[in-house]
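Here is the structure we will look at, set down as structure tokens.
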Amino acid sequence: DAGVIQSPRHEVTEMGQEVTLRCKPISGHDYLFWYRQTMMRGLELLIYFNNNVPIDDSGMPEDRFSAKMPNASFSNLKIQPSEPRDSAVYFCASSLNKNIQYFGAGTRLSVL
Amino acid sequence: GNSVTQMEGPVTLSEEAFLTINCTYTATGYPSLFWYVQYPGEGLQLLLKATKADDKGSNKGFEATYRKETTSFHLEKGSVQVSDSAVYFCALSGTGGSYIPTFGRGTSLIVHP
């Protein structure tokens, strides 16, 4: 398996623009997680899905953030409008065994 | 709630030195414990795990023992290499009916030749 695939790897955008981050989980995995990593706050869980259904979005910072999982092989995280403080590395992870997570390589987002 | 505390980094060592990265946790019940490693420009990947007290997880020369009495899971390696330079995350899961991991802040390791 190719592992968890995220795109794009790098995104540079201007404040106010919409940003869409994409994730393809490992085939057969039933959990999908979105994380944000910054130097100041470390690794933060934003939202996670089980069988395509959002279970806990309490980590989503604001209404500007939204995430969907229309099917078992795809999820996206949208930020609209984006702000400079959203600059971070965003990771997607998937899991079959609920204890072990498999991470993608991340998307480095810079909002100017 | 659950929490994981790791020693602050960066930890800077010379090649072939002994490594210890401390990790302690607070949790109800009997969690599973993990070490993940993040190499530059990559996502986290599982390094090792232990699921019950006194278990020792090991991989790539790294070891950690689940110590329930001290609520600790310290990571050790006898002889580090430059290629071990990375950020190491301690994590727990499996308590209170939740399998969602709780991660520590991460400890950066820098190994010089």
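The values are calculated or read from the model by the stated rules, or taken from the named source; none is laboratory data. Predicted, not measured: the structure shown is a model, and the values here were computed from it. Here the Cβ is made from the backbone with ideal geometry for all residues, glycine too, and neighbour counts use every protein chain on show. The area values use the complete protein model at the heavy-atom level, side chains included, leaving out ligands, DNA and RNA. Shrake-Rupley method; radii C 1.70, N 1.55, O 1.52, S 1.80 Å.
A few remarks follow.
- When the chymotrypsin sites (Phe, Trp or Tyr not before Pro) in segment B:1-99 are filtered for DSSP coil states and for at most 12 other beta-carbon atoms within 10 Å of their beta-carbon, the remaining sites are B:Phe18.
- Sum of side-chain charges, B:Lys68 neighbourhood, beta-carbon under 9 Å (Lys, Arg +1; Asp, Glu -1): 0
- Three semi-axes of the equivalent ellipsoid, chain A, Cα gyration tensor, whole Å, largest first: 22, 14, 13
- Looking at segment B:56-95, the GluC sites (Glu not before Pro) that sit in a DSSP loop and have at most 15 other Cβ atoms within 10 Å of their own Cβ are B:Glu69.
- Rounded FRET efficiency, nearest 0.05, which uses the C-beta distance separating B:Arg105 from A:Asn76 and R0 of 45 Å: 0.95
- The stretch between A:Arg85 and A:Ser27, if pulled fully straight at 0.36 nm per residue, gains 17.6 nm over its current Cα-Cα span.
- The trypsin sites (Lys or Arg not before Pro) found in segment B:55-85 that occupy coil by DSSP, while having at most 14 further C-beta atoms within 10 Å, are B:Lys60, B:Lys68.
- Sites B:Thr12 and B:Thr51, calculated FRET efficiency, Cβ-Cβ separation with R0 35 Å, nearest 0.05: 0.60
- Choice from A:Tyr48, A:Tyr90, A:Tyr102 showing the highest fluctuation, given a GNM over chain A with Cα pairs closer than 10 Å: A:Tyr102
- A:Asn50/B:Ser3 FRET efficiency (R0 22 Å; Cβ-Cβ; nearest 0.05): 0.40
- Exposed loop sites here are trypsin sites (Lys or Arg not before Pro) assigned a DSSP state other than H, G, I, E or B and surrounded by at most 14 other beta carbons within 10 Å; excluding them, the longest clear run of chain A is A:42-112.
- In this label model, B:Asn22 and B:Glu76 are separated by 1.5 nm, measuring between points 7 Å along each Cα→Cβ vector.
- Cα gyration tensor category, rounded, prolate or oblate, for segment A:54-110 with a/c compared to 1.5: prolate
- D_trans [Stokes-Einstein, Kirkwood Rh over alpha-carbon pairs] for chain B, 37 °C, 0.692 mPa s, µm² s⁻¹: 234 µm²/s
- Whole-Å semi-axes of the protein assembly as shown's equivalent ellipsoid (Cα gyration tensor): 30, 21, 15
- Here the accessible area of the protein assembly as shown is 49 percent carbon and sulfur, with a 1.4 angstrom probe and all protein chains present.
- Placing +1 on the Cβ of every Lys and Arg and -1 on the Cβ of every Asp and Glu, with no other charges, gives segment B:1-107 a dipole of roughly 340 debye about its Cα centre.
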